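For reference, the structure is listed below as structure tokens.
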Amino acid sequence: MSSARVRHPRVAAVAVASLFVMGAATAPALATPNAAGGHSAVSVHHHAPLPTSYSIPGSKTYPEGIARQHGTPYFYVGSTSDGTIYRGDVDRPATKVFLPGGQDGRTSVAGMKTDRAGRLVVAGGATGKVFVYDTRTRALLHVFDTGRADVFLNDVALAPNGDAYISDSVHPALWHISAAQLKNKRVQLPLNVGVDLSRSPMVYDDGFNGNGLVVTGDGRYVLLADYNDYTFYRVDTITHKVVPIDLDGAKGISGDGLLLQGHTLTAVTELDHPEGQIATLELSHDYTRAKLVRTVHGHGMHSPSTAAFDGHDLLIVNFQFQIADPHLPFNVVRVHAR
């Protein structure tokens, strides 16, 4: 989810929304690294040709987050406007309601991920909560609650050890859920701060700050985008030290959604690019430097928010936030990555 300090005040608008496309264009070719050591979802049960667009019901859905479930044909997309979670099958061009909006206090959702235990971990935006569901039974497993109103839980990243990290766009904190907590039988649990960012080099200003995030393959670092400032940070999960990532002079690169394979970082944004931007960056061995490899625009994107890997493809969510007359139906578009 995204915002700019001057361009469009998304924080207030999304908080209000939490209360109350076509994609058949030819896809670009993007080089990707070997998937070994990466976190791409394996495509299964594919019947060629795969759809290039997946429609999402509703005229006010404004979908933001996406999770591609490993070992299945399914992906999940959530509505920022009412908290509905939809499930799609990569072989079929339409998604269906998986969990109706408003259940369990889930009035708005942003980023989400699925883990290998079949859990769907969902950031609840301005609700200040993270919801966890069993994708097989649809049962609510957990509600992790910050207990705060001055937060916007935006995106979710999973570590190799099963821990989850959640970005906060308005409160300077990186939230943390341990693998042990996810296995706990209690439903209602507190959401704890993993790293206090208030005294770090990452400065929180008006608008949206912490946004897309990923965990490195060794689990040592979280790479976190400051959406407002076109900057990226390496956060040490052990020492909690926060280090800016040197972008080697690259300008206009922002991360509403981030994906990581090995040392290749993919950043998706609509900031300054309503036609969408996919940026590919190569990271140094210690993740403190990045070199821009390429940017891709268009190809069925309409103000996108984030993406998920589907094998060597990207599934891009067309958010279309603050567009009064959005291109309908809302959708997810497939971008061929090589």
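The values are calculated or read from the model by the stated rules, or taken from the named source; none is laboratory data. Given the structure is predicted, the values throughout are model-derived calculations rather than measurements. All Cβ positions, glycine included, derive from the backbone under ideal geometry; neighbour counts span all protein chains shown. Ligands, DNA and RNA are stripped out before the accessible areas are found, and what is left, the full protein with its side chains, is counted by its heavy atoms. Shrake-Rupley method; radii C 1.70, N 1.55, O 1.52, S 1.80 Å.
Here are some notes:
- For the range 137-170, a residue qualifies if it is closer than 22 Å to Gln103 by Cβ and among the hydrophobic types (A, V, I, L, M, F, W, C), and the qualifying residues are Ala139, Leu140, Leu141, Val143, Phe144, Ala149, Val151, Phe152, Leu153, Val156, Ala164, Ile166.
- Qualifying residue in the range 157-176 (condition: touching a Leu at 6+ places or on another chain (Cβ under 7 Å), over 20 Å from Leu223 (Cα atoms) and not hydrophobic (A, V, I, L, M, F, W, C)): no
- Test for Val187: is it touching a helix residue (DSSP H, G or I) at 6+ places or on another chain (Cβ under 7 Å), open to solvent by 30 Å² or more (accessible area, probe 1.4 Å) and among the hydrophobic types (A, V, I, L, M, F, W, C): no
- Restricting the range 200-218 to residues that are among the aliphatic types (A, V, I, L, M) and open to solvent by 10 Å² or more (accessible area, probe 1.4 Å), the residue that is farthest from Ala159 (Cα to Cα): Val203
- Cβ pairs under 6 Å, 6+ apart, first in the range 47-60 and on the phi < 0 side of the Ramachandran plot, second surrounded by 13 or more Cβ atoms within 10 Å (Cβ to Cβ) and of a type in the set (Ser, Thr, Tyr): Tyr54/Thr95; Ile56/Tyr86; Ile56/Thr95; Lys60/Ser81
- Against the numbered list (1) closer than 30 Å to Ser254 by Cα; (2) open to solvent by 10 Å² or more (accessible area, probe 1.4 Å); (3) of a type outside the set (D, E, K, R), Val90 comes up short only at (2).
- The set of residues in the range 109-159 being within 15 Å of the chain's Cα centre (by Cα) and in a loop (DSSP other than H, G, I, E, B) consists of Val109, Ala110, Gly111, Asp115, Gly124, Phe152, Ala159.
- Counting only strands (runs of 3 or more DSSP E) that sit completely within the range 258-299, those holding 2 or more residues that are open to solvent by 20 Å² or more (accessible area, probe 1.4 Å) and of a type in the set (Lys, Arg) correspond to 290-297.
- Restricting the range 93-131 to residues that are farther than 23 Å from Val333 by Cβ and of a type in the set (D, E, K, R), the residue that is most open to solvent (accessible area, probe 1.4 Å) is Arg116.
- Selection from the range 163-177 of residues that are assigned to a loop (DSSP other than H, G, I, E, B) and open to solvent by 30 Å² or more (accessible area, probe 1.4 Å): Val170, His171, Pro172
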